[in-house]
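Reading through the structure tokens given below for one structure.
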Amino acid sequence: MSASSRSVPSEHVVEDQGEPLVHDRRIRVDGVDLQYLEAGYGPPLLLVHGHEQSATSWRWVVPVLARTHRVLALSLPGHGDSGPAAGGYAPGADLAPLVADFLDTLGVGALHVVGNSIGGAVALRLALADPGRVRTLILVDSAGLGREVHPLLALDTLPIIGELAIMISRLPGGDVGRTSMSAAMLFAQPSRVPKEFFDEQHALGRRPGQLEASTAMARALFDATGQREVLLDRLPELTMPTLVVWGGRDYVLPASQAQATVDRLPHGRLALFADCGHLPHVESPARFATVLSDWLAEHHDSS
């Protein structure tokens, strides 16, 4: 990467409640302005979110993980406060090289990588492209592990349908309806939706151009028959320890994909959250942080 594509991070502190400070930073990588959260010290740990989420979707577990690790939670292009992807989204686009350049810009070597949903597919791509970079891989309700996906996501990719959904969302009350429908899809129990999460998703959907960008990304990832990219056949190439975390009541990506994944991994382990949906780190953050902390302790490298 050329020197001109790097920049010194800017920052401000976003939390301080007795836990490690969480810093909200900005950095320019490969011509894209990226937002990320950083907290703690120790072995590096990267968190990559899913579709229509951002770095802040990890806020409920970052303080716990930062007690023992240097946590980096990245907002992918077009998400959170990160700028749009260069050239937009196209089917088959691979964000793993950008993530690798982001880590190189920060001078981060081998690390633990956690990916949720679409972030899981990005983490998988990163591990396949450069296995020496990834000490352990943690796939949380990950995309890229089967064709099946919630029918509404597939429907949103059809011509006119996606634009119609955007138009309805902009009618009076439509934005609340869209956020409520999204929450019902992502969580097994609506009572577990944190108010901060709902408010943030609602505000995000009201940003100019956000719904159009979200629809474009969905069309890059899915078609009318499901997920465009399935990486199951490449899983035997992964030699690093891999933890698969899945919600047993995931309505977006079925839990059957978790077992199919573990069956193909040379060093895979499954942690199934039976009464949880697509975002275990939001719906069951205490349990998620415990499971992940135990995994990281088991694979601790004092070097």
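Miscellaneous remarks
- The one condition in (1) at pLDDT 95 or above; (2) over 20 Å from Arg133 (Cβ atoms); (3) within 12 Å of the chain's Cα centre (by Cα) that Val64 fails to fulfil: (3)
- Residue within segment 62-77 that is surrounded by 18 or more Cβ atoms within 10 Å (Cβ to Cβ), of a type in the set (Gly, Ala, Ser) and under 23 Å from Ala271 (Cβ atoms) present: yes
- When residues of segment 115-133 are limited to those that are surrounded by fewer than 24 Cβ atoms within 10 Å (Cβ to Cβ) and either closer than 13 Å to Leu235 by Cα or of a type in the set (A, V, I, L, M) (or both), the one nearest to the chain's Cα centre (by Cα): Arg125
- Selection count where residues are touching a Phe, Trp or Tyr at 6+ places or on another chain (Cβ under 9 Å) and of a type outside the set (S, T, N, Q), scope segment 260-303: 19
- Candidates Leu296, Leu243, Leu292, Leu253: the one that is in contact (Cβ under 8 Å) with a residue 60 or more places away in the chain, over 15 Å from Ser142 (Cα atoms) and crowded, with 24+ Cβ neighbours inside 10 Å is Leu292.
- Test for Val140: is it surrounded by fewer than 24 Cβ atoms within 10 Å (Cβ to Cβ) and under 23 Å from Gly78 (Cα atoms): no
- Annotation note: of Gly50, Gly31, Gly42, the sole residue that is crowded, with 24+ Cβ neighbours inside 10 Å and farther than 19 Å from Ala286 by Cα is Gly50.
The values are calculated or read from the model by the stated rules, or taken from the named source; none is laboratory data. Source: prediction; values computed, not measured. In this analysis, Cβ positions are derived from the backbone assuming ideal geometry, glycine residues included, and neighbour counts consider all displayed protein chains.
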